[in-house]
Amino acid sequence: MKTTWTVLRDRNAGLCLTGVVVSGFGTSALWLVSGVWVKDLTGSDGLAALCMLAMWAPTVAGPVLGALADRTRRRPLLIGTNLLLAALLLPLLTVDSPDHLWLLFAVLFVYGAAGVVHDAAESALVASAVPKPLLGDFNGLRMTAGEGMKILAPPAGAALYTVYGGPSVALLDAATFVAAAALYACLRVREGGPERTTTDWRAGTRYLWSRPPTRLLVLAGGTTMLLAGLNGTLVHAVVEALGRSPAYAGVLYAVQGAGSVAVGLLSGPALRRLGPHRFAAYGIALTGVAVALRAVPSGPVALVCSAAIGAGLPCVLIAALTQVQRETPGPLLGRVTATAHTLMFTPNVVGLAVGAALVEPVDHRLLLTVTGAALLLTAFQSAAHTSSRSASEANPA
């Protein structure tokens, strides 16, 4: 916990974390409300689901969008992106009928694209603003802050939507982006000009692929998120097997979020003690066991498994991002970060689609068992890489 307080006392780290909390609150609120908004206007579940797709789709273009974070100084880019997002949300104040839904989807798509650029610039700026030994602690705290907002913001957004409607949530989100821009403006960090000779968007992919330790962590993260997406589609089947109402899924999500908050506080010391690959492997293994045990129709077991999934799932993401920040040269960091995000988070959408197709025709207990076993295999492969690497370092050629 000592290093946690060290991070929080660091001015730049504290401002970045506060920016994550503020903008994350608005984003999480809009994420929930946009689907409800479309459902209320159209009555269509399919159109409501398209809101999530519109926000996630730009992630596929991460390597290209991430290049923007390497073509300019990151602090001004973060300020400008937050102000752009704030302005982008204002047209949503006019959405009050199905005829205006095209505007909502267009805004959500640009919102997602700007978010890719924002995340790449933020990661690159953090790598230069926060001391390298504290990057693991910072990323853990960032995960804690983000997951905390996912617990608090959706109910607040739903309450605001119920009383004042969708435009009020869009206005709240816009205000959070203005506040985040002000926080980033207060950062004290020296940035040199970008290296114009290295702006090829493919350079990030080539660099990541040329670094086996980092590449394997990112691919393990992508595999884990693919399987996590599949697991996520089964939550309502798990709730039904428990004999609970569909609303009980909210309890399981809240417990899972609490597990993620807890592991975020412990990730820095764990990364230093275990190393990134072993830390990731243990987290993936914990997730795999918990997913498989979800097949047991027991309320207490379901709660424990949700907490374990929340604690285990972020480990590989924290490890991979920290590895990218530590090992990537500054001029390439925006592109490499965005490429890593694409490889890790796009599979989650694929997993959601596969799970949605399988959840009805296939017994959910079989799907949970197979998914848990696949996660354990992924964990074993990550641990095996750690063991072989340690052996080679102990006996160099």
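The values are calculated or read from the model by the stated rules, or taken from the named source; none is laboratory data. On a predicted model such as this, the values are computed, not experimentally measured, just so you know. Positions of Cβ are generated from backbone atoms using ideal geometry, with glycine treated the same way; all protein chains shown enter the neighbour counts. Ligands, DNA and RNA are stripped out before the accessible areas are found, and what is left, the full protein with its side chains, is counted by its heavy atoms. Shrake-Rupley method; radii C 1.70, N 1.55, O 1.52, S 1.80 Å.
For region 256-297, what are the residues that are of a type in the set (Lys, Arg) and surrounded by fewer than 23 Cβ atoms within 10 Å (Cβ to Cβ)?
Applying the first criterion (of a type in the set (Lys, Arg)) to region 256-297 yields 272-273, 278, 294.
Listed by number, the residues that qualify are ARG272, ARG273, ARG278.
Is there a residue in region 32-52 that is open to solvent by less than 30 Å² (accessible area, probe 1.4 Å), in contact (Cβ under 8 Å) with a residue 60 or more places away in the chain, part of a helix (DSSP H, G or I) and hydroxyl-bearing (Ser, Thr, Tyr)?
Quick first cut of region 32-52, residues open to solvent by less than 30 Å² (accessible area, probe 1.4 Å) only: 33-35, 37-38, 48, 51.
Keeping just the survivors that are in contact (Cβ under 8 Å) with a residue 60 or more places away in the chain gives 33-34, 37-38.
Those left that are additionally part of a helix (DSSP H, G or I): 33-34, 37-38.
Adding the requirement that they be hydroxyl-bearing (Ser, Thr, Tyr) leaves 34.
Yes - at least one qualifying residue is present in region 32-52.
No other residue among GLY229, GLY222 is modelled with pLDDT under 90 and under 28 Å from GLY312 (Cα atoms) apart from GLY229. Per the listing LEU171, LEU217, the residue uniquely surrounded by 22 or more Cβ atoms within 10 Å (Cβ to Cβ), modelled with pLDDT of 90 or more, touching a helix residue (DSSP H, G or I) at 6+ places or on another chain (Cβ under 8 Å) and part of a helix (DSSP H, G or I) is LEU217. Which residue pairs have Cβ atoms under 7 Å apart, sit 6 or more places apart or on different chains, and have a first residue in region 226-237 that is in contact (Cβ under 8 Å) with a residue 24 or more places away in the chain and of a type in the set (Val, Ile, Thr) and a second that is surrounded by fewer than 19 Cβ atoms within 10 Å (Cβ to Cβ) and not in a helix (DSSP H, G or I)? The qualifying pairs are THR233/VAL359. Inside region 129-140, residues that are surrounded by fewer than 17 Cβ atoms within 10 Å (Cβ to Cβ) and not in a loop (DSSP other than H, G, I, E, B) make up a count of 2.
Which members of region 343-358 meet the condition of being open to solvent by less than 40 Å² (accessible area, probe 1.4 Å) and of a type in the set (Val, Ile, Thr)? Walk me through how you get there before you give the answer.
Taking region 343-358 and keeping what is open to solvent by less than 40 Å² (accessible area, probe 1.4 Å), we get 344, 346-348, 351, 355.
Once the filter is applied, which keeps residues that are open to solvent by less than 40 Å² (accessible area, probe 1.4 Å) and of a type in the set (Val, Ile, Thr), region 343-358 yields only THR346.
Going by the conditions given, is ASP119 charged (D, E, K, R), more than 21 Å from LEU343 (Cβ to Cβ) and in a helix (DSSP H, G or I)? Explain how you work it out, then say what you get.
Numbers: charged (D, E, K, R): yes; more than 21 Å from LEU343 (Cβ to Cβ): no; in a helix (DSSP H, G or I): yes.
Against the criterion (charged (D, E, K, R), more than 21 Å from LEU343 (Cβ to Cβ) and in a helix (DSSP H, G or I)), ASP119 does not qualify.
Within region 299-342, no residue satisfies the criterion of being crowded, with 24+ Cβ neighbours inside 10 Å and not in a helix (DSSP H, G or I). Yes or no: region 204-214 includes at least one residue that is closer than 23 Å to GLY115 by Cβ, modelled with pLDDT under 85 and assigned to a helix (DSSP H, G or I). Yes, region 204-214 contains at least one residue that is closer than 23 Å to GLY115 by Cβ, modelled with pLDDT under 85 and assigned to a helix (DSSP H, G or I). Just one of the numbered conditions (1) over 19 Å from the mean Cα position of the chain (by Cα); (2) touching a residue at least 24 places away in the same chain (Cβ under 8 Å) is not true of PRO91: (2). The residue list PRO76, PRO58 contains one member that is at pLDDT 85 or above and open to solvent by 40 Å² or more (accessible area, probe 1.4 Å), which is PRO76. Determine whether ALA121 is open to solvent by less than 20 Å² (accessible area, probe 1.4 Å), among the hydrophobic types (A, V, I, L, M, F, W, C) and closer than 21 Å to CYS16 by Cα. Considered against the rule, which asks whether it is open to solvent by less than 20 Å² (accessible area, probe 1.4 Å), among the hydrophobic types (A, V, I, L, M, F, W, C) and closer than 21 Å to CYS16 by Cα, ALA121 comes out as yes.
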